[in-house]
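Student: For reference, the structure I am asking about is given below.
The values are calculated or read from the model by the stated rules, or taken from the named source; none is laboratory data. Everything quoted here is computed from the prediction, not taken from an experiment. Note that we place each Cβ from the backbone using ideal geometry, even for glycine, and neighbour counts take in every protein chain shown. For accessibility, only protein heavy atoms count, side chains too; no ligands or nucleic acids. Shrake-Rupley method; radii C 1.70, N 1.55, O 1.52, S 1.80 Å.
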Amino acid sequence: MAADWIAPAATAASGCAGIFFTWLTGAQSRKQVEQMAMRSAIRDARERSLDERRNAYLVALRMQRLDIQRLEYQQGKELGKLEEVERTWPKGERVRMSIESKIAIEAFGSTVARDNRRRAVAAYVAQDLGEMRSTYDEFLAVVRMELGTAALDS
């Protein structure tokens, strides 16, 4: 009769262990869900930031290419082509694109991209076609590297 207490004690111990491990599993599950939600939010923020950067870079590239094309037509005395460009992108539209480009690059661009944009603007003001082409090519390389499209060159 001394062993009558063993069965109820074992049952109670098993019950306590079951309750503890049920609680532990729930706590770990809640923690895992919380971590997954946090990782998802961080990933979404990175994707939004990358999309903004990509859009900023595309606007800046478009502006630089447009400026180069206009200057080439001016220097080559190709007035018909220059007028066509002016009709397609009137001065007001080009100014708006330039402002958007500046804001987007300043907000989302890397230090290298911001420096390149400043050089591109200076080259445009100086009407230096060689420097404009050079900054465009350098910026295109930066964009490909930062956005991960450089691997597409091979």
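Student: Whole number in Å², please: accessible area per residue of the chain, 1.4 Å probe, ligands, DNA and RNA not counted.
Tutor: Roughly 69 Å² per residue, with all protein chains present.
Student: Something else: Could you give me the ³J(HN,Hα) list for segment 102-110, computed from phi with Karplus coefficients 6.51, -1.76, 1.60 and θ = phi - 60°, whole Hz, x at Gly and Pro?
Tutor: 4, 4, 5, 5, 5, 7, 10, x, 6
Student: Name the most mobile residue of 121, 33, 112, meaning the one with the largest mean-square fluctuation, in a Gaussian network model of the chain with Cα contacts below 10 Å.
Tutor: With Cα springs under 10 Å in the chain, the top fluctuation among 121, 33, 112 is at 33.
Student: Counting only pairs 8 or more places apart or on different chains, how many lysine pairs in the chain have C-alpha atoms closer than 27 Å?
Tutor: Value for the chain: 4.
Student: Next up: Pick from 92, 15, 76 the residue whose mean-square fluctuation is largest in a GNM of the chain, springs joining Cα atoms under 10 Å.
Tutor: Ranking 92, 15, 76 by mean-square fluctuation puts 15 first.
Student: What is the local net charge at residue 125, summed over the other residues whose Cβ is closer than 15 Å to its Cβ (Lys, Arg +1; Asp, Glu -1)?
Tutor: So the environment of residue 125 carries a net charge of +3.
Student: Give the carbon-plus-sulfur fraction of the accessible surface of segment 66-154 in %, rounded to a whole number; probe 1.4 Å, heavy atoms of protein chains only.
Tutor: Details: 3090 of 5460 Å².
Within segment 66-154, the accessible surface is 57 percent carbon and sulfur.
Student: If you stretched the chain out fully between residue 40 and residue 149, how much longer would it get, using 0.36 nm times the residue separation minus the C-alpha to C-alpha distance?
Tutor: 36.8 nm
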